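The block underneath contains the structure these notes are about, expressed in structure tokens.
The values are calculated or read from the model by the stated rules, or taken from the named source; none is laboratory data. Just so we're clear, the structure is a prediction, and the values are computed from it rather than from any experiment. Backbone-built Cβ (ideal geometry, glycine too); neighbour counts: all protein chains shown. Only protein heavy atoms, including side chains, enter the accessible area calculation; ligands, DNA and RNA are left aside. Shrake-Rupley method; radii C 1.70, N 1.55, O 1.52, S 1.80 Å.
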Amino acid sequence: MAVNAKTKILILGNNGFIGKAIFENLSSISDLQVEGFNSSTLDLSGKDSFHQLGEKVDKSTIVVFLARARKNSDPLISYDKDTVIASNVARFLAKYPIKKFLFFSSISVYGEFVTDLNITEETKIAPSSHYGISKFATENLLRLAAQEMNTPLIVLRPCMIFGPGNLELPYGPDRFINSLTEKNHIDLYGDGSESRDFLFINDLVKITKKYIFEDCSGIYNLGTGISSTFSYIIENLRSLVGKDFPIIKNKRVKPQIDQVLNISRLMDFYPDCVFTPLKIGLKQTLDSYQSIFANKT
């Protein structure tokens, strides 16, 4: 699909880590009409929100859906609101014709506590958290709605995304770097030998743009296809800071899980995709955190 002045893109959830990165990148392309929405500009949990959203689109509009409820100490509260948001967006999708719809799901739909060294898009769905359950439920709501209007639907299931700007600090590269910058140590649970796939935010943005601007539909795992251990990440951080630092070892509270993401479908769609080497992504993230910390002090 060619980029032209008529191409309009709506980003639902442009204040979050991923949504903000995508929104800012697309906004820099002069030929695009890019609008971003978040809970303060369009509350998708409101009963009339799907009509409000419908007023902002036409048949050439592409919608990217990342919005979700804020984290809550009670996961059922977040789940309930996510369900309402998903239902309203599905109502919109079933009523208003648009060019294409992209939804950011998660590999959590396969289960967070399952060792699997070849996770494909056909891997058994077995979410083990409220978050994973809500993502899979949303996938199905959107699939049914998209079928009603014959709208191309792309479901993206990314692994853990890391990089500058991640304020949630999930256990992994971003939390390690934040702790190292502010406390000069890293908290590690277990021996760090479990392996995961980590995708740099700049690569995710690049891949997302490919899905936006080319004709496609379906479900795609997003990752590098190469898993790294938490210990390997720490080794790279030692090399980057040029000095040793304490590792605070904590008892593992969950069983060790190793996962490898199969990205064959992604590479078939985007065969010349080149991923940022892990160490370079870590360096850019570390530089960002150090700059922010220096400005605070």
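Numerical summary
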| item | result |
| --- | --- |
| Tyr232 paired with Phe245, simple spin-label distance in nm, labels 7 Å along Cα-to-beta-carbon | 2.1 nm |
| Relative contact order for the chain, counting Cα pairs under 8 Å that sit 6 or more residues apart, in percent | 18 percent |
| In degrees, nearest ten, helix 230-241 long axis to first principal axis of the chain (Cα) | 70 degrees |
| 11 Å beta-carbon shell around Gln259, net charge (K/R +1, D/E -1) | -4 |
| Table column - 3J(HN,Hα) (Hz), the stretch 73-83, Karplus curve with 6.51, -1.76, 1.60, x for Gly and Pro | 4, 9, x, 5, 5, 5, 4, 4, 6, 4, 5 |
| In nm, spacing of pseudo-spin labels at Ile280 and Asn25 (7 Å Cα→C-beta vector) | 1.4 nm |
| 0 to 90° range, to nearest 10: angle between helix 201-213 axis and the chain longest Cα axis | 20 degrees |
| For the stretch 178-246, the fraction of alpha-carbon pairs in successive 5 Å shells from zero, as % | 3, 12, 18, 18, 16, 11, 9, 7, 4, 1 |
| Cα gyration tensor shape of the stretch 1-71, rounded if a/c is under 1.5, else prolate or oblate by comparing a/b with b/c | oblate |
| Computed accessible area, Ile226, all protein chains, 1.4 angstrom probe, square angstrom | 120 Å² |
| Prolate/oblate/rounded call for the chain, Cα gyration tensor, a/c under 1.5 rounded | prolate |
| 0 to 90° range, to nearest 10: angle between helix 278-296 axis and the chain longest Cα axis | 90 degrees |
| Violating pairs (Cα-Cα greater than 30 angstrom) within the set Lys99/Lys283; Lys47/Lys210; Lys124/Lys254 | Lys99/Lys283; Lys47/Lys210 |
| By average C-beta atoms within 10 angstrom, highest first, the peptides 60-66, 146-152 | 60-66, 146-152 |
| Long pairs among Lys81/Lys249; Lys183/Lys296; Lys59/Lys81, criterion Cα-Cα beyond 24 Å | Lys81/Lys249; Lys59/Lys81 |
| Label-point gap, in nm, between Ile125 and Ser73 - each point 7 angstrom along Cα→Cβ | 3.3 nm |
